[in-house]
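Here the structure is laid out as structure tokens; the discussion comes afterwards.
The values are calculated or read from the model by the stated rules, or taken from the named source; none is laboratory data. Small disclaimer: the values here were computed from a predicted structure and weren't measured. Methodologically, a virtual Cβ is constructed for each residue, glycine included, from the backbone with ideal geometry; neighbour enumeration extends over all protein chains shown.
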Amino acid sequence: MISREGRTRIMKGVRSKDTSLEHIVRRELFALGYRYRLHGEGLPGRPDIVFPGLRKVIFVHGCFWHQHVGCVRRKTPRTNTEYWLPKLKRNKQRDKQAVAALQRMGWRVAVIWECEIKDSKRQVCAQLARFLKSEQ
Ligand SMILES: [Zn+2]
């Protein structure tokens, strides 16, 4: 269960979009020599990090807000479920549609999760470096 303060914190984190997790990833990618744009305006789902030249995008997803399947951080709220459940379900649907739409437009899409960054930043960055280098 998420406290009222916790919920406010989550909402704020989501609204600002410029989360610390995203910062961590961006800093690493920058150090690897990658240059990117932020918050692809006009692209489905407004991907967090956009590589126009490579035609690749990265979403940095919070486990709660985007309902990371099988993840302990997903923590579906036990109170006010009639409010949260449809909302979270919609988020998940929107994510799926955004990825499908981007792929139809010829973009390659990578999704990384909050818990993966927290568990192993190095592994996530290696994974992203592979994604950015790959030709397909
Ligand atoms: Zn997760």
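Taken over the range 81-121, the criterion of being over 21 Å from Arg35 (Cβ atoms), at pLDDT below 90 and basic (Lys, Arg) is satisfied by Lys118 alone. Condition first: over 14 Å from the mean Cα position of the chain (by Cα), without any contact (Cβ under 8 Å) to a residue 12 or more places away in the chain, within 16 Å of the ligand (Cβ to nearest atom) and in a loop (DSSP other than H, G, I, E, B). Can you find one or more residues in the range 48-60 that meet it? No.
Modelled with pLDDT under 90 and in a loop (DSSP other than H, G, I, E, B): does that describe Pro44? The answer is no for Pro44. Residues of the range 89-136 that are surrounded by 13 or more Cβ atoms within 10 Å (Cβ to Cβ), in contact with a helix residue (DSSP H, G or I) (Cβ under 9 Å, 6 or more places away or on another chain) and part of a helix (DSSP H, G or I): Glu114, Cys115, Glu116, Ile117, Lys118, Lys121, Val124, Cys125, Gln127, Leu128, Ala129, Leu132.
With respect to (1) among the polar types (S, T, N, Q); (2) touching a strand residue (DSSP E or B) at 6+ places or on another chain (Cβ under 8 Å); (3) at pLDDT 95 or above, the lone exception for Gln127 is condition (3). Considering (1) among the aliphatic types (A, V, I, L, M); (2) under 20 Å from Leu43 (Cα atoms); (3) within 16 Å of the ligand (Cβ to nearest atom), the lone condition that Leu88 does not fulfil carries the number (2). Against the conditions (1) at pLDDT below 90; (2) within 19 Å of Ala98 (Cα to Cα), Cys63 satisfies every one except (1). Of the residues in the range 66-80, at least one is outside any helix (DSSP H, G or I), within 13 Å of the ligand (Cβ to nearest atom), closer than 19 Å to Phe131 by Cβ and modelled with pLDDT of 90 or more.
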